[in-house]
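The values are calculated or read from the model by the stated rules, or taken from the named source; none is laboratory data. A quick note: this is a predicted structure, and the numbers were derived from the prediction, not measured. No Cβ is skipped: glycine too gets one built from the backbone with ideal geometry, and neighbour counts run over all protein chains shown.
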Amino acid sequence: MKKCIIICSVFAVVLFLFSSGVGAGAVNEDGSSGDGLKLYKKAAYIMGSILEISVYSGEDKKAADNAIDLAFSEVGRLDMLMSNYKSNSELNRINNAVNKREPERCDDELLRVIELSAKFSRLTNGAFDITVSPLVALWGFNRGNDGDIKGYVPSKRELARVLPSISYLNIVITDAKDSNDRRRLIHFKNNFTRMDLGAIGKGYAVDRAAEVLKKAGIDSALVNFAGNIFAFGTPEGRGTWKIGLKDPVVAGNILGSFKIGDGMAVATSGNYERFFVMDGKKYTHIIDPRTGYPVRGTLSVTIIADTATTADALSTGVFVLGAEDGMKLIKSMDNVEGAIIYETYDGNIAARISDGMNKILELSETAGKIKIEN
Ligand code: ADP
Ligand code: MG
């Protein structure tokens, strides 16, 4: 069946959690659920984004707070491993060591994230690629000291110079040679190759934070890291967590909502999250590693998967692939559903929604005249 969605105004979609943060209606005014479980919540700025952890637990506030603090510490630890902005992160140590022209020993967990990233590069035919870093810098998407983006439109010649460094195939990981130091080694085939985990790091951190919460005895929680979400258990008295799709252009407009259950992750990549406008053209922070240009046409991609790492990496990869190839990939994967909102050639806005997502997505009246293709 082929429905088509046209949404009158140009909009994009972001994820948010209904008013109480999780499972609207599941929580009483005093923060308790009907069955004596209470909602404990903490939000803080970390890794350049807001991390919000919501936990349902019994009366023992101390135990819940302690579990949440452990999860925050875990994300802090990962920030020291994967941050692009911390000069002393393990990632930046490797990025900077490349000029030594010899393989560098690397933390094994970081190597595993790099290997996972390569898996998503293969899956997306190179649309997702953590070696976009030099392009991110060239287009001026690196945050300055004031936190602002200094947008810059490079010439074709500048792009051509950078492109040979952009490929996950430039990353080489080898076994340890020294029996005293079992850490594996990494080097780049191109001296200008650099890595940026901005499109997978938050998802990975969400999965690790959820693990820490479980180990600390929590049975029901929702971790939301700037729209990278993982839920386990369910809010007391309800079978699902409710997630909203918000229209950020028409402020306050909600396009719809859907519910996720135990062990489900959601992530959204949008062209409105970080961008600059130059000569009336909008340049978004998601770059096609194959051409060197910021992606045009895709407005937002929302992915549902079984891990936040997968949802995060795929939302970016599918964003680059676009509606046609992106939806093909979503449909080809088990346990993956998704929605792609994009601009058609005639300037209309359309959405492709996978069958599984279509079943759970309840569009709100404010979604406008929407044509859905699946
Ligand atoms: P955000 O984290 O901003 O919500 P994403 O998960 O889509 O959104 O990640 C975007 C970030 O990933 C960019 O800011 C950039 O650092 C990096 N990036 C940009 N293009 C790509 C790409 N094609 N593949 C992998 N990473 C990318
Ligand atoms: Mg991503």
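For the reader, a short list of remarks on this structure follows.
- Qualifying residue in segment 351-366 (condition: more than 22 Å from ILE229 (Cα to Cα) and touching a residue at least 40 places away in the same chain (Cβ under 8 Å)): yes
Let's see how each residue does on (1) at pLDDT 90 or above; (2) out of contact with any Leu (no Cβ under 7 Å at 6 or more places or on another chain); (3) not in a strand (DSSP E or B):
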site: CYS4; (1), (2), (3): no, yes, yes
site: LYS41; (1), (2), (3): yes, yes, no
site: ALA63; (1), (2), (3): yes, yes, yes
site: ILE68; (1), (2), (3): yes, yes, yes
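- Only one of the numbered conditions (1) modelled with pLDDT of 95 or more; (2) within 16 Å of ligand 2 (Cβ to nearest atom); (3) touching an Asp or Glu at 6+ places or on another chain (Cβ under 7 Å) is violated by GLY263, and that is (2).
- Qualifying residue in segment 277-287 (condition: of a type outside the set (Ser, Thr, Tyr), within 16 Å of ligand 1 (Cβ to nearest atom) and in a strand (DSSP E or B)): yes
- Output for segment 302-315, where each listed residue is more than 8 Å from ligand 1 (Cβ to nearest atom) and either closer than 18 Å to PHE258 by Cα or at pLDDT below 95 (or both): THR302, ILE303, ILE304, ALA305, ASP306, THR307, ALA308, ALA311
- Counting only residues that are of a type in the set (Phe, Trp, Tyr) and more than 10 Å from ligand 1 (Cβ to nearest atom), segment 316-333 holds 0 of them.
- Contacts under 7 angstrom Cβ, first residue in segment 149-169 being within 17 Å of ASP196 (Cβ to Cβ), partner in a helix (DSSP H, G or I) and small (Gly, Ala, Ser), 6 or more apart: TYR168/SER117; TYR168/ALA118; TYR168/SER121
- Looking across segment 252-275, the residues that are within 16 Å of ligand 1 (Cβ to nearest atom), of a type in the set (Ser, Thr, Tyr) and under 19 Å from PHE230 (Cα atoms) come down to THR268, SER269.
- Odd one out for SER179 among (1) modelled with pLDDT of 95 or more; (2) away from ligand 2 (no atom under 16 Å from the Cβ): (1)
- Selection status of ALA313, among the small types (Gly, Ala, Ser) and free of Cβ contacts under 8 Å to residues at least 60 places away in the same chain: no
- Selection within segment 270-300 - modelled with pLDDT under 95, among the aliphatic types (A, V, I, L, M) and surrounded by 16 or more Cβ atoms within 10 Å (Cβ to Cβ): LEU299
- In segment 221-244, the residues that are surrounded by fewer than 24 Cβ atoms within 10 Å (Cβ to Cβ) and away from ligand 2 (no atom under 16 Å from the Cβ): PHE232, GLY233, THR234, GLU236, GLY237, ARG238, GLY239, THR240, LYS242, GLY244
- Among the residues of segment 290-319, the ones that are more than 13 Å from ligand 2 (Cβ to nearest atom) and not polar (S, T, N, Q) come to 9 in all.
- Counted residues, segment 78-106 - those being in contact with a helix residue (DSSP H, G or I) (Cβ under 6 Å, 6 or more places away or on another chain), crowded, with 19+ Cβ neighbours inside 10 Å and in contact (Cβ under 8 Å) with a residue 60 or more places away in the chain: 4
- Screening LEU110 on (1) away from ligand 1 (no atom under 14 Å from the Cβ); (2) in contact with a helix residue (DSSP H, G or I) (Cβ under 6 Å, 6 or more places away or on another chain); (3) in contact (Cβ under 8 Å) with a residue 40 or more places away in the chain shows it passes everything except condition (3).
- Remark: ILE303 matches the filter, which requires a residue to be in contact with an Asp or Glu (Cβ under 8 Å, 6 or more places away or on another chain), assigned to a strand (DSSP E or B) and crowded, with 19+ Cβ neighbours inside 10 Å.
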